[in-house]
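Structure, as structure tokens:
The values are calculated or read from the model by the stated rules, or taken from the named source; none is laboratory data. Worth saying up front: this structure is predicted, and the values here are computed from it rather than measured. Here Cβ is always computed from backbone atoms with ideal geometry, including for glycine, and neighbour counts include all displayed protein chains.
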Amino acid sequence: MSRRRDRNFPPLAVAPSILAADLGRLAEEIARVEQAGADLLHVDVMDGHFVRNLTFGPVVVEAIRRATDLYLDVHLMLDNPADFFEPFAEAGADNITFHAEVTDEPAEFARRIHDLGCDAGITVNPDAPVDLLRPAMDDVEMVLIMSVCAGFGGQAFMPETLEKVRTVRPWLARGQRLEIDGGINPDTAPRAVAAGADILVAGTAVFGAPDATVAIRRLRAAGRPSPRAATDSLE
């Protein structure tokens, strides 16, 4: 069973998404991004119903857990996520995120995840109202804003989702983190960070890069104002 552990992430954290890894070399891929400076790993779980794709089950998360001590951030894109809270906790998840669209009791879902020893997260798809997150805001450690429609990697960033990031940021209490996932790369990351995101989920931008260390460094640079921005602030 997973134990809740400290989220010792930097103020801006990078979470490579396993969905973009070479699954035939999964342990090597995980080691590569861990050595490159990844702060946590993001694992997208899809059921073929809530989204039109199938990905990983608890057995794969268990294999990932054996390969790394990095914090495992498991995103359940499922019609019935509560049926799988315990299997994924037992497999080694540190955080379990569910979609607000599938429950009328998000705070209860978060409590059940906590009872299993994991942190809890909540999210909504781009076409769902952000107010669905409100009932569980006091009960979760992470809020995930999807900047693409859940289901497939490699999609283009949806800039209109930044308004959700800006809306949710003031709702967060100390210690809660605001994650963004979908189309995040060195071009889109600065906009996401400026809107208020502090965890960047990046798949292709990290696993698909020739040098993962450089890729992660470039994403981290999103949190630092450019020399031009600093000059502008003085004008």
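Listing for the model above:
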| read-out | value |
| --- | --- |
| Those residues of the range 95-109 which are touching an Asp or Glu at 6+ places or on another chain (Cβ under 6 Å) and either among the acidic types (Asp, Glu) or farther than 22 Å from Pro126 by Cβ (or both), in sequence order | Ala107 |
| Residue match in the range 112-126 (condition: farther than 21 Å from Leu200 by Cβ, in contact with a strand residue (DSSP E or B) (Cβ under 6 Å, 6 or more places away or on another chain) and among the β-branched types (Val, Ile, Thr)) | yes |
| Conditions (1) assigned to a helix (DSSP H, G or I); (2) under 17 Å from Val201 (Cα atoms); number of the one not met by Phe85 | (2) |
| Residue within the range 172-194 that is farther than 23 Å from Tyr71 by Cβ and of a type in the set (Gly, Ala, Ser) present | yes |
| Asp138 being out of contact with any strand residue (DSSP E or B) (no Cβ under 9 Å at 6 or more places or on another chain), surrounded by fewer than 24 Cβ atoms within 10 Å (Cβ to Cβ) and farther than 17 Å from Asp94 by Cβ | yes |
| Given (1) more than 17 Å from Ala13 (Cβ to Cβ); (2) surrounded by fewer than 23 Cβ atoms within 10 Å (Cβ to Cβ), number of the condition Leu70 does not satisfy | (1) |
| Which numbered condition Ala91 fails, given (1) over 25 Å from Asn185 (Cα atoms); (2) surrounded by fewer than 23 Cβ atoms within 10 Å (Cβ to Cβ) | (2) |
| Test: residue in the range 104-112 that is over 19 Å from Val168 (Cβ atoms), free of Cβ contacts under 8 Å to residues at least 60 places away in the same chain and touching a helix residue (DSSP H, G or I) at 6+ places or on another chain (Cβ under 7 Å) | yes |
| Phe109 being within 23 Å of Ser17 (Cβ to Cβ) and either polar (S, T, N, Q) or assigned to a helix (DSSP H, G or I) (or both) | yes |
| Thr204 vs. criteria modelled with pLDDT of 95 or more, β-branched (Val, Ile, Thr) and surrounded by fewer than 20 Cβ atoms within 10 Å (Cβ to Cβ) | no |
| Residue tally, condition modelled with pLDDT of 90 or more, in contact with a His (Cβ under 9 Å, 6 or more places away or on another chain) and under 15 Å from Asp127 (Cα atoms), over the range 147-186 | 1 |
